[in-house]
Structure formats: C-alpha cells, structure tokens
Number of protein chains: 2
Amino acid sequence: MKTAPDISDVRAARERIMPHVHQTPVLTCGHMDALAGARLFFKCENLQKVGAFKARGACNAVYSLTDEAAGAGVLTHSSGNHGQALCYAAARRGIPATVVMPENAPAPKKAAVRGYGGTIVECAPTTAAREETAARIGAETGAEFVHPYNDSRVIAGQGTCALELLEQVDGLDAVIAPVGGGGLVSGTCIAVKALAPDTLVHAAEPSGADDAWRSRRAGRMLPQEDPRTIADGLRTGLGELTWPFVSRDIAGVLLSEERDIVAAMRLIWERMKLVVEPSAAVPLAAMLAHPEPFREKRVGIILSGGNVDLEALPFSLAPRDRDG
Amino acid sequence: MKTAPDISDVRAARERIMPHVHQTPVLTCGHMDALAGARLFFKCENLQKVGAFKARGACNAVYSLTDEAAGAGVLTHSSGNHGQALCYAAARRGIPATVVMPENAPAPKKAAVRGYGGTIVECAPTTAAREETAARIGAETGAEFVHPYNDSRVIAGQGTCALELLEQVDGLDAVIAPVGGGGLVSGTCIAVKALAPDTLVHAAEPSGADDAWRSRRAGRMLPQEDPRTIADGLRTGLGELTWPFVSRDIAGVLLSEERDIVAAMRLIWERMKLVVEPSAAVPLAAMLAHPEPFREKRVGIILSGGNVDLEALPFSLAPRDRDG
C-alpha cells in the first residue's frame, strides 16, 4: 500500500486494532526527570503484544484485508519484531503467515517466528535473494506482502502509539521516537500534526546507522550503508513512504553513540524496572546527550520494544555472590 | 502503631499517599494465561516509586505524623525495600530518616539508602544489636520508629495496592500476594474483605522460608528460623499485627520451590518485559505449581517489587556473541 496515510487512517487503525493490542501505560520516573532536567513521559511499547510497537502496524495490515485476500495469508521478509508481529496478527485472524529469512538467521529469531505460528522459508543471506524469494512465494500463494515500514497500513498502525500518548498526557512539548525504516516516526508525525500541532517530533538514531541524519542534511533519501550499531531494530534505511515525513515533519534527528545507548538501556532497566531492547533506549540516550532543547519541557519518549536476548546483554553481568 | 487497621484506614492512606506514589498499571499477558490455564492480572508494584509496594506503607507512616513529630525524623532497621522507601518518604516530606544497618550490609544497599537521602547508623550484625541501636537512636533523637510490617500505618498503606487493583479489574476470583512479614498480605485482606468479599486471598511463600505455612498448620505464630531462599524480601517472620490476618483471613499459603521462583522470575522478564525481584516472582511460581484452584479463574497477582542487582542475577547470563 503505497499512498501516504493521514490522520483518518490512524484513527481507523485504532478502531481496527483495539481488540488485538494493548493500550500501553505511560510511566514517569523522578530519577530520569532529574537526570534529564525535563519532565519525561515514557510510552511503554515494550509492554505491547509481541513486545514491540510493531504489533500495531502488523495488526492494522492484517485486519485491513478483505476476507478473500486474507485467506491467502500474509508474507514478509523481516525476521525481527515486524516478522513476529505479523505472525501474531495472522494467527489471531486465523490466516497463514510466511516469513522469508536468511538461512544464517539466529536460532532465537527462528524460534520466535515459529512460536507465533509463522512458517519460515529460508533463502541465501542477500537482499536480492530475500526479495526474489518473497516475490516468488507471493506469486505462488497469493499471500499479501506486508513491508515492515514502507506500507501505509503499517505506518497508520504505528501512528496509534502517539495517538494514545497524546490522549494520555497533556501538553507535551516534544515527542522523541527512534528512527530505523521510519514507520514509527512517520505515524507519530501524522498523529502529532493532527492532535497537537505545537508539539515537536524528534527522531533519534544511532550514529552508527545515521541514514536519516545524512539524508536530511543532503536533502534527499540516502541509503543505509554498512550500519554498525547494537540497536538492531534501527539498522534499516528509510523508504519512499517514510522519507517525506522525516524530511518535512520532524524537528530534527538526534544522534546517539553506542556507549550512550547501552548506558541508557541499563538505566531504564535499573531505575524503571523495564526490560527494553537497545533500539528502545536510543531516544533517551540521544536526549540525555542533547539536553538543551528539552530543558524544563514535557517530553514524550517512545520505548519502542523489549525483545532482547537475556543471554546476550550488552552490559557485563558476571555472576557473583549475591551478598558480595 | 499497634492496633489493627481497617478499611477506613486503607482509604485514608490512599488519600494521604496519592501525591507521593504511582497508581501502578495492571498488565495482562496471553502467554502467561495459556501457561496458567487462568486469566492473570499482574499488579505492577515493581513500577512503584522506590521499585516496590513498600513506598505505600512508608509514605502513609511518614505523612501520618504531625508536623511536630515529623520534625524529629523517622527511623527503621530494615536495609531492604522498606528502609529505602522510608528514606524516600522522609526526603519528600523534608524530614530526616535514619536506617540502622549491620556493619556487614552489602554496599549496594548502603548506597541505595544514601541515594534516597537517608543516614546510616551501623551496628553489630545481630538482631539484638540492631534493636538496641534503633532504641537508643529513637530515645536520643525522638525519631519515630517505623517497623517494616508490624505497624498499622504501614499495613494500611500496603492495603492501597489491592484497593487499586480491585478498582482496576472487575470480578477477580482470587488475589495472590507474597508473604514475608505479612504487611502486604494483611493490607490485601482488609481491602478485599471490604470491596470484594467473595474474592479469595492467597499468600505465596518460599518453601525455604515457610513460617506462615507452618504457623497456620500449628495454629499459632511460629518464628522464621534459618530462612534459605533467594527471595530476600521474604526471609522475615510474621508479626503480632499481621498474624491475625494470615491465620484468619486468607484462603491458604501456597509454597514455592527455589527453582520455580527463578524460572517464574525469568518468565516475567522475558515474556512481560518487566524487571522483577525474586520475591515478586513467588506468587506466579506458586500459582503455576498449584494451578488447580485457579483453573479458568480471574486471578490478581501482585508483582511486589523490582529491586534486583543486575550484576547478580539468579539465572546464568554468560556473555556471548549477539548473533551466535
């Protein structure tokens, strides 16, 4: 679906997905406010179904299908949160979901897709192989391809997160969302522009995957090249549907360094008692590194997800005596 | 304060502490429901101020004091969540807080008390030394001693957790709370009896610290002897104010084994994206080990706290390659 969605699409998405996703809580933390010199409101999409905001877009895409189209199932080539979310949404609707994954994909990602009832089709670990395989399966089965972000149904679904946030918290001066492919940021722009036009939307991006920042500077969409960041959800580049929002509707892109991402992630675990994945810590990390625009302001921070492998945390967790 | 509190005390506590504590969210999880064969509603006191329900009782005690009494400060000898909560409440009211701690207390606990603005007085690592030191400081300074559970103001404060839960979720068949000293369970009994008299209250206790279970069987309050459990918040014995609730008002005590506590804790981290401490996992562990009474029921589970040392998790977290 390649036309830009608007606020009516976001509102329709909200009605459509309401039975299938959580209205996630907004939490505050005095310690974080003191650190930031601002009043922070954390929208907890790590507590969302499937552990990430991606459940919103995937459910909107799946439940937008006619019964006839749905019968042929859905298809994607994202092995991350979107892939799992699509499988979740499809299972709820009782239709098949296929995820095309590189044959060297990590076992936990394969297990997660299967856990949500999805079918995995493996391919060679190249972008070309992935796209060819997805195209072939789509042609063979008639399954509807749902792109992780370059899809207006997905963008509209992700916009329901900010729609909720703006209803839950009055008078936000700014909202900060992480940017990878740009689906969440684009949906956030739509909701904020309609409901709170004076509120600024900032995108937060790892320095090691800074295509949004470079694209805005260049004035045209540049590809993501050789991303190097622990924030695995943000290694993708923008798409033709999300670039206009990123180029036109946001106040700016805040960059964050790897060590700040890890530190922010740990801070959220320790002080807020929330399990968040590295990508979800990028807005806080960026905001703490660039505090000036937010001083004394009311700032919404979208904690985008909590899907992290507890066996592979980025901070050292050496076993030691509990009372040591 | 040595008289048993009632529902009017719990309601008054709620008004009193409302500006100082969070109304914590209630979360659900389809995966947990499927595992349990029941509909579970998790009351997230790990997301409470200070990371534990103890903020409720401590705030109620501190804000119950007259200005004159408050001026002399407050005092306790708990170095755990209650000690930190009392320091938090005192700092909010702008009065001094003193925590008597054994000289061999872990450094992180001392740092936490100081972090909340409390003063530490060290003593020899015996119960007698702790009580003598607290009594001496109380006599010298006039500071009000606030016991972690054997105090009606504290019990009434803890009861506000169930009061909220019963307003947030209709038609609960049962509520399960962990039992250590019994303050949370006692407050829960008061709220449930008044608001939802058909709802059963169960206490959950580690097998390695089973004084509540043994006391009920014996028909009299037995001491906690040599507790051995990872659930460090539940190593204390009952008190004269909490034993009547435990003996009279609960449906029963559910015991849980150490390995089940660790497994339940990990399950909550992984599936619910919540950082909980071992004590907070005891109700789920006990419920999953004794599922029969809860089959198909609506069950409230109090996640009591999230204060766990990330450097000393009870499950193995060996660093390894993120894509391995």
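The values are calculated or read from the model by the stated rules, or taken from the named source; none is laboratory data. Predicted, not measured: the structure shown is a model, and the values here were computed from it. We place every Cβ from the backbone using ideal geometry, glycine too, and count neighbours over all the protein chains shown. Just so you know, the surface numbers come from the protein's heavy atoms only, side chains and all, with ligands and any DNA or RNA stripped out. Shrake-Rupley method; radii C 1.70, N 1.55, O 1.52, S 1.80 Å.
The number of residues in the stretch B:236-246 that are under 14 Å from B:ALA204 (Cα atoms), open to solvent by 40 Å² or more (accessible area, probe 1.4 Å) and at pLDDT 95 or above comes to 0. Of all the numbered requirements in (1) touching a Leu at 6+ places or on another chain (Cβ under 6 Å); (2) within 11 Å of another protein chain (Cβ to nearest Cβ); (3) modelled with pLDDT of 95 or more, A:LEU317 misses one, and that requirement is (3). Among all residues of the stretch A:251-258, there is at least one that is at pLDDT 95 or above, assigned to a loop (DSSP other than H, G, I, E, B) and not acidic (Asp, Glu). The residues of the stretch A:179-209 that are in a helix (DSSP H, G or I) and either among the polar types (S, T, N, Q) or without any contact (Cβ under 8 Å) to a residue 24 or more places away in the chain (or both), listed by number, are A:SER186, A:THR188, A:SER207.
Checked against the criterion of being open to solvent by less than 10 Å² (accessible area, probe 1.4 Å) and under 26 Å from B:LEU241 (Cα atoms), the candidates B:LYS43, B:LYS54 yield just one match: B:LYS43. Residue count for the stretch B:192-212 under the criterion of being surrounded by 24 or more Cβ atoms within 10 Å (Cβ to Cβ) and hydrophobic (A, V, I, L, M, F, W, C): the result is 6.
In the stretch A:29-48, the residues that are within 11 Å of chain B (Cβ to nearest Cβ) reach residues that are acidic (Asp, Glu) with C-beta atoms within less than 8 angstrom, at least six apart or across chains, in these pairs: A:ASN46/A:GLU277. For the stretch B:3-30, the set of residues classified as of a type outside the set (Val, Ile, Thr), outside any helix (DSSP H, G or I) and within 19 Å of the chain's Cα centre (by Cα) consists of B:ALA4, B:PRO5, B:ASP6, B:MET18, B:HIS20, B:HIS22, B:GLN23, B:PRO25, B:LEU27, listed by residue number. Taken together, B:ALA280, B:ALA312, B:ALA285 contain a single residue that is modelled with pLDDT of 95 or more, within 14 Å of chain A (Cβ to nearest Cβ) and either in contact with a Gly (Cβ under 9 Å, 6 or more places away or on another chain) or buried (at least 19 other Cβ atoms within 10 Å of the Cβ) (or both), which is B:ALA280. Looking across the stretch A:58-112 at every residue that is closer than 24 Å to A:CYS161 by Cα and among the charged types (D, E, K, R), the one that is surrounded by the fewest Cβ atoms within 10 Å (Cβ to Cβ) is identified as A:ARG93. When the residues of the stretch B:275-295 are filtered to those that are closer than 9 Å to B:ALA36 by Cα and assigned to a loop (DSSP other than H, G, I, E, B), the one that is nearest to the chain's Cα centre (by Cα) is B:PRO291. Within the stretch B:97-121, the set of residues being over 23 Å from the mean Cα position of the chain (by Cα) and modelled with pLDDT of 95 or more comprises just one member, B:VAL121. Taking B:ARG266, is it facing chain A (nearest Cβ under 10 Å) and open to solvent by 10 Å² or more (accessible area, probe 1.4 Å)? Against the criterion (facing chain A (nearest Cβ under 10 Å) and open to solvent by 10 Å² or more (accessible area, probe 1.4 Å)), B:ARG266 qualifies.
Filtering A:GLU225, A:GLU164 for residues that are among the acidic types (Asp, Glu) and over 22 Å from A:ALA85 (Cβ atoms) leaves a single hit, A:GLU225. Under the condition of being on the phi > 0 side of the Ramachandran plot and out of contact with any helix residue (DSSP H, G or I) (no Cβ under 9 Å at 6 or more places or on another chain), the residues counted in the stretch A:146-185 number 1.
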